[in-house]
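Asks: Sharing a structure below in structure tokens format, with a few things to ask.
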Ligand SMILES: NC(=O)c1ccc[n+]([C@@H]2O[C@H](COP(=O)([O-])OP(=O)(O)OC[C@H]3O[C@@H](n4cnc5c(N)ncnc54)[C@H](O)[C@@H]3O)[C@@H](O)[C@H]2O)c1
Ligand SMILES: [Zn+2]
């Protein structure tokens with residue numbers, strides 16, 4: 001990967017985030033440099049394994065590494081205690097030691113799952129994130145959150161565990177469905193609205209190439225977007241304050257995602273609806289100018305991500321807002337924008353949301 005890496009900081013530690021296209025050699029070199037006992041244990045899912053497993057395996061072995069390999073079933077179901085336990089079994093019986101690098105090779109599911117495995121096995125192993133979806137490249141691979149799900153909710157068991165390095169290779173995105181590419185870019189729209197309005201224009205202007213999976217255009221946008229997230233994580237690694245701004249669009253987004261039934265909508269599509277709703281609340285509650293609303297909506301439109309919030313402003317969806325694990329008492333902490341790149345967190349109670357929705361539903365959009 002030719003350009004200098006971005007350096008992300010997490011408390012006392014920092015780690016490089018490399019960007020590139022078809023840069024397998026740089027990845028292998030990076031893993032080799034971290035593997036003090038020349039061992040790497042790769043966790044992937046069955047889909048990514050079938051598409052890209054063999055060349056990575058060969059290249060790691062060709063670099064003199066002893067390679068362990070586990071491919072979990074593709075999909076959210078693998079973020080479970082059962083699958084985690086099978087990974088511990090596989091790694092321990094293979095001969096994992098303290099110098100083994102865990103390579104998370106796949107989307108956010110593999111990243112969260114193997115990140116948590118790396119955080120806990122032998123009290124912590126060096127972790128290299130190799131995200132292969134837009135969502136994981138723009139969001140989950142950087143920031144150090146790892147987790148599995150619990151029957152009572154998503155991501156309830158986990159740890160903050162920063163990786164030792166991240167390799168973002170947009171060459172992998174060529175095989176990702178366009179719908180997932182577009183949806184993943186909604187997190188970049190979010191980062192742009194929060195911190196870098198100029199990136200909104202880039203996303204809008206380049207939307208066709210980006211959604212078509214053009215690797216160089218994607219690498220440029222993702223680098224800029226990840227840099228924005230990295231700054232916030234650096235200032236607030238454990239999400240005690242400012243990092244919560246990254247929840248923009250996610251309050252209603254999570255409710256929409258759940259109401260649609262998990263898997264029916266891409267996460268980014270639900271966030272796009274939530275973002276659109278947050279823009280309307282922002283306009284009414286903290287004075288977000290109409291031209292700013294339009295700039296964000298214009299990016300979502302250009303990317304072709306459905307984001308109309310009207311069908312989702314139903315009692316069923318709104319009820320779900322008040323049963324989220326982050327709900328505090330009778331008020332929600334909504335991330336709103338005063339202007340682009342000037343976000344605030346506002347406590348909004350149920351009566352306010354209901355009144356606003358009633359007004360919007362009367363046609364006063
Ligand atoms: N840790 C964090 O900060 C954080 C942030 C956001 C989301 N997440 C988590 O990320 C997960 C979602 O991530 P995701 O959207 O990447 O889902 P995913 O990992 O399930 O990947 C989606 C699908 O794409 C397939 N795939 C992966 N790479 C591919 C490629 N290059 N070509 C073709 N197909 C490919 C996968 O096999 C899977 O079927 C959720 O569990 C969510 O909780 C974590
Ligand atoms: Zn998200």
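The values are calculated or read from the model by the stated rules, or taken from the named source; none is laboratory data. This is a predicted model, so every value here is computed, not measured. Note that each Cβ is placed from the backbone with ideal geometry, even for glycine, and that neighbours are counted across all protein chains shown.
Asks: Can you tell me which residue is nearest to residue 344 (Cα to Cα) among those in the stretch 248-277 that are away from ligand 2 (no atom under 13 Å from the Cβ) and in contact (Cβ under 8 Å) with a residue 40 or more places away in the chain?
Replies: Among residues in the stretch 248-277 that are away from ligand 2 (no atom under 13 Å from the Cβ) and in contact (Cβ under 8 Å) with a residue 40 or more places away in the chain, the one nearest to residue 344 (Cα to Cα) is 255.
Asks: Can I ask one more? Could you count how many residues in the stretch 12-50 are within 16 Å of ligand 1 (Cβ to nearest atom) and loosely packed, with under 14 Cβ neighbours inside 10 Å?
Replies: So the count comes out to 2.
Asks: Return only the number of the condition from (1) under 30 Å from residue 292 (Cα atoms); (2) surrounded by fewer than 24 Cβ atoms within 10 Å (Cβ to Cβ); (3) within 13 Å of ligand 2 (Cβ to nearest atom) that residue 179 does not satisfy.
Replies: Condition not satisfied by residue 179: (3).
Asks: Looking at the stretch 113-121, is at least one residue surrounded by fewer than 24 Cβ atoms within 10 Å (Cβ to Cβ) and away from ligand 1 (no atom under 14 Å from the Cβ)?
Replies: Checked against the condition, which is being surrounded by fewer than 24 Cβ atoms within 10 Å (Cβ to Cβ) and away from ligand 1 (no atom under 14 Å from the Cβ), the stretch 113-121 yields at least one hit.
Asks: Suppose we filter 274, 268, 249, 253 for residues that are at positive phi and touching a helix residue (DSSP H, G or I) at 6+ places or on another chain (Cβ under 9 Å); which single one remains?
Replies: 249
Asks: Separate question: Let me confirm something: among 256, 216, 271, which residue is closer than 30 Å to residue 14 by Cα and within 16 Å of ligand 1 (Cβ to nearest atom)?
Replies: Residue meeting the stated conditions: 271.
Asks: Right, here's the next one. Among the listed residues 221, 181, which satisfies the condition of being within 15 Å of the chain's Cα centre (by Cα), within 15 Å of ligand 1 (Cβ to nearest atom) and at pLDDT 95 or above?
Replies: 181
Asks: Looking at residue 130, is it outside the structural domain of residue 338 (by TED's automatic domain parsing), assigned to a strand (DSSP E or B) and at pLDDT 95 or above?
Replies: Taking the combined requirement at face value, the residue satisfies it.
Asks: In this structure, does residue 103 turn out to be more than 14 Å from ligand 2 (Cβ to nearest atom), more than 19 Å from residue 189 (Cα to Cα) and either buried (at least 24 other Cβ atoms within 10 Å of the Cβ) or free of Cβ contacts under 8 Å to residues at least 40 places away in the same chain (or both)?
Replies: In short, yes.
Asks: Where in the stretch 1-93 are the strands (runs of 3 or more DSSP E), entirely inside, with at least 2 residues that are over 21 Å from the mean Cα position of the chain (by Cα) and farther than 28 Å from residue 220 by Cα?
Replies: 39-45, 66-72
Asks: Moving to a separate point now. Please go through the stretch 132-151 and give me each residue that is over 17 Å from residue 84 (Cα atoms), more than 10 Å from the chain's Cα centre (by Cα) and more than 6 Å from ligand 1 (Cβ to nearest atom), ordered by number.
Replies: Across the stretch 132-151, the qualifying residue is only 144.
Asks: Quick check on residue 287: is it modelled with pLDDT of 95 or more, outside any helix (DSSP H, G or I) and more than 21 Å from residue 205 (Cβ to Cβ)?
Replies: So residue 287 passes the test.
Asks: Still on this structure, please answer the following. Go through the stretch 182-193 residue by residue and tally those that are farther than 12 Å from residue 302 by Cβ and away from ligand 2 (no atom under 13 Å from the Cβ).
Replies: Qualifying residue count for the region: 2.
Asks: Hey, another quick one. Is it the case that some residue within the stretch 111-118 is without any contact (Cβ under 8 Å) to a residue 40 or more places away in the chain and in contact with a strand residue (DSSP E or B) (Cβ under 8 Å, 6 or more places away or on another chain)?
Replies: Scanning the stretch 111-118, I find at least one residue that is without any contact (Cβ under 8 Å) to a residue 40 or more places away in the chain and in contact with a strand residue (DSSP E or B) (Cβ under 8 Å, 6 or more places away or on another chain), so the answer is yes.
Asks: Is there a residue being more than 14 Å from ligand 1 (Cβ to nearest atom), closer than 25 Å to residue 267 by Cα and surrounded by fewer than 21 Cβ atoms within 10 Å (Cβ to Cβ) anywhere in the stretch 74-83?
Replies: Looking for residues that are more than 14 Å from ligand 1 (Cβ to nearest atom), closer than 25 Å to residue 267 by Cα and surrounded by fewer than 21 Cβ atoms within 10 Å (Cβ to Cβ), one finds at least one in the stretch 74-83, hence yes.
Asks: Looking at the structure I just gave you, is residue 147 touching a strand residue (DSSP E or B) at 6+ places or on another chain (Cβ under 8 Å), part of a helix (DSSP H, G or I), surrounded by fewer than 22 Cβ atoms within 10 Å (Cβ to Cβ) and at pLDDT 95 or above?
Replies: Judged against the criteria, residue 147 is not a match.
Asks: Here is a further query. Evaluate the stretch 304-314: report whether one residue or more is in contact with a strand residue (DSSP E or B) (Cβ under 9 Å, 6 or more places away or on another chain), within 19 Å of residue 134 (Cβ to Cβ) and surrounded by fewer than 20 Cβ atoms within 10 Å (Cβ to Cβ).
Replies: Checking the stretch 304-314: at least one residue is in contact with a strand residue (DSSP E or B) (Cβ under 9 Å, 6 or more places away or on another chain), within 19 Å of residue 134 (Cβ to Cβ) and surrounded by fewer than 20 Cβ atoms within 10 Å (Cβ to Cβ).
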